[in-house]
Amino acid sequence: MTMKIALINENSQAAKNEIIFNALKTVVEPMGHTVFNYGMYAADDKAQLTYVMNGVLAAILLNSKAADFVVTGCGTGMGAMLACNAMPGVQCGLVIDPTDAFLFGQINDGNAISMPYAKGFGWAAELNLQDCYRKLFEGERGLGYPKERAAIMAKNRGILSQVKAVSCKDMLTVLKEIDQDLLKAAIAGDKFQEYFFANCQDDAIAAYLKTVLA
């Protein structure tokens, strides 16, 4: 299945957006996937995203089906992961190396990853990024590891999704109740409107965000 993959970077690591974007495209575009770069694109962008906003934006894209998968991160990857997992409909894993990527894809089969773009980001970092994306996106995800535990892993994923559905409000309610200045800042990126409204499949979310942007 081909996917729409969204890349989201926050302000502390925005200068590395091009490196991350190119590594992601290099791996996934030959697989048939499409990458949408939601920024930030540079440290001095007018629209400044924090790791908290990464979580809000990731949830908007995933719940509206404007994206099928989100690649995000911050200095350590921890903050963006926590922000993503605070939102409904987002199951985000922390990926530091290719083994993390493989196990997250096979065991947890979530819809977002957060990566560290400062901690441990040194010589040949782009090669580690490519190896992580390859392990995550090549082949079929959710097959389990080890394979003999695949059924129980799939069952637990379903249980976790049910628990999250109960513990979180629906996305439209979140958008209406969240701090509106925070929401406006999260969707202020240069390419947001172009990419989002062309791919969004939830009319109610789209309609509300149009009122926020107006």
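For the reader, a short list of remarks on this structure follows.
- Estimated vicinal HN-Hα couplings, Hz - segment 207-214 in sequence order (Karplus 6.51, -1.76, 1.60; Gly, Pro = x): 5, 5, 5, 5, 5, 5, 7, 5
- Per atom type, segment 1-100 shows carbon and sulfur on 58% of its accessible surface, probed at 1.4 Å.
- Relative contact order of the chain, defined on C-alpha pairs under 8 angstrom at six or more residues apart (%): 24 percent
- Calculated P(r) of segment 142-191 - Cα pairs past 14 Å, %: 68 percent
- For the chain, the solvent-accessible area of protein heavy atoms averages 47 Å² per residue (probe radius 1.4 Å; ligands and nucleic acids excluded).
- In segment 123-214, Rg over Rh equals 1.10, where Rg is the alpha-carbon radius of gyration and Rh the Kirkwood radius from pairwise Cα distances.
- Remark: the chain carries a charge dipole of roughly 440 debye about the Cα centre, counting +1 on each Lys and Arg Cβ and -1 on each Asp and Glu Cβ.
- Between the listed residues VAL212, THR173, LEU160, the Cα displaced farthest toward the positive end of the dipole of segment 89-214, a dipole computed from Cβ unit charges relative to the Cα centre, is found at LEU160.
- Part-to-part distance (alpha-carbon centres) for segment 165-190 and segment 38-101, which is given in Å: 14 Å
- Of all DSSP beta bridges in the chain, antiparallel share, percent nearest 5: 0 percent
- Largest to smallest in accessible area, the residues LYS25, LYS184, LYS46 fall in the order LYS46, LYS184, LYS25 (1.4 Å probe, all protein chains included).
- Rg over Rh [alpha-carbon atoms, Kirkwood Rh] for segment 71-197: 1.01
- Applied to segment 58-63, the Karplus parametrisation 6.51 cos²θ - 1.76 cosθ + 1.60 on θ = phi - 60° returns per-residue 3J(HN,Hα) values of 4, 5, 4, 5, 6, 6 Hz, with x for Gly and Pro.
- Using every pair of distinct Cα positions in segment 52-132, the Kirkwood expression returns a hydrodynamic radius of 12.6 angstrom.
- A cut-off under 15 angstrom between Cβ atoms defines the neighbours of ASP190, and their net charge, with Lys, Arg +1 and Asp, Glu -1, is -1.
- A simple spin-label model places the labels of LEU160 and ALA207 3.4 nm from each other, with each point 7 Å out along Cα-to-Cβ.
- Added length on full extension, which subtracts the Cα-Cα distance from 0.36 nm per residue, LEU172 to ILE19: 51.7 nm
- Amide H contacts of GLY39: ASN9, each under 5 Å away and 5 or more positions distant or on a separate chain (H built 1.01 Å from N in the peptide plane; Pro and chain starts excluded).
- Kirkwood hydrodynamic radius (C-alpha pairs) into Stokes-Einstein, the chain, 25 °C and 0.890 mPa s, D in µm²/s: 142 µm²/s
- Solvent-accessible area of LYS65 with every protein chain in place, 1.4 Å probe, in Å² to the nearest 10: 110 Å²
- Largest to smallest accessible area among LYS155, LYS191, LYS4 [probe 1.4 Å]: LYS155, LYS191, LYS4
- Peptides 140-147, 193-200, ordered by how many other C-beta atoms sit within 10 Å of their residues on average, highest first, read 193-200, 140-147.
- Ligands, DNA and RNA aside, THR76 has an accessible area near 70 Å² when probed at 1.4 Å.
- GNM on the chain, alpha-carbon springs under 10 angstrom: the most fluctuating residue among GLU138, GLU126, GLU177 is GLU177.
- Computed P(r) (all Cα pairs; segment 1-92; 5 Å bins; percent): 3, 16, 26, 25, 20, 10, 1, 0
- Applying 0.36 nm per residue to the separation of THR34 and MET1 and subtracting their alpha-carbon distance, the gain on full extension is 10.7 nm.
The values are calculated or read from the model by the stated rules, or taken from the named source; none is laboratory data. Here the structure is a predicted model, which is why all the values come from computation and not from measurement. Glycine gets a Cβ as well: all are built from the backbone with ideal geometry, and neighbour counts include every protein chain shown. Heavy atoms of the whole protein, side chains included, go into the accessibility calculation; ligands, DNA and RNA do not. Shrake-Rupley method; radii C 1.70, N 1.55, O 1.52, S 1.80 Å.
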